Amino acid sequence: QVRVVESGGGLVQAGGSLRLSCAASGRTFTTLRMGWFRQAPGKEREFVAAIGWDTGGTRYADSVKGRFTISRDNAKNMVYLQMNRLKPEDTAVYYCAAQIYGANDSVGQYPYWGQGTQVTVSS
């Protein structure tokens, strides 16, 4: 069973930065595609960014491209989301998720989820 645990959320002013961290365990980390998703109140959970298990290729939602960077440290079984130039519309609960191998970043393709961490961006 894969377990993922996020940390690093908080309150930040618009234009500021935050870095989210996610620790994964329970399976060889290099077999996991890792993704970040977010869910704002009253909205559906949406894809933010993902990083591949093999070459570490990345993919981003258009809304965060150029501002957010996903990375992974395979030696530490960690994945990170560096969020810069934050906007009030980035306010949401951010979730880390994992799938075994895979390349599809729809919500339903990720069977393993963390508990979420709140990110609030004030204007």
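Tabulated results
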| read-out | value |
| --- | --- |
| Region 86-114, subset more than 23 Å from Ala23 (Cβ to Cβ) and of a type in the set (S, T, N, Q), residue most open to solvent (accessible area, probe 1.4 Å) | Asn104 |
| When residues of region 88-123 are limited to those that are assigned to a loop (DSSP other than H, G, I, E, B) and under 14 Å from the mean Cα position of the chain (by Cα), the one farthest from Phe29 (Cα to Cα) | Thr91 |
| Residue within region 45-57 that is of a type in the set (S, T, N, Q) and modelled with pLDDT of 95 or more present | no |
| Pairs where the first residue, in region 55-77, is within 14 Å of Arg38 (Cβ to Cβ) and the second is charged (D, E, K, R), C-beta under 6 Å, 6+ apart | Arg67/Arg85 |
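The values are calculated or read from the model by the stated rules, or taken from the named source; none is laboratory data. This is a predicted model, so every value here is computed, not measured. With ideal geometry, Cβ positions are generated from the backbone for all residues, glycine too; neighbour counts draw on all protein chains shown. Surface areas here come from the heavy atoms of the whole protein model, side chains and all, with no ligands, DNA or RNA. Shrake-Rupley method; radii C 1.70, N 1.55, O 1.52, S 1.80 Å.
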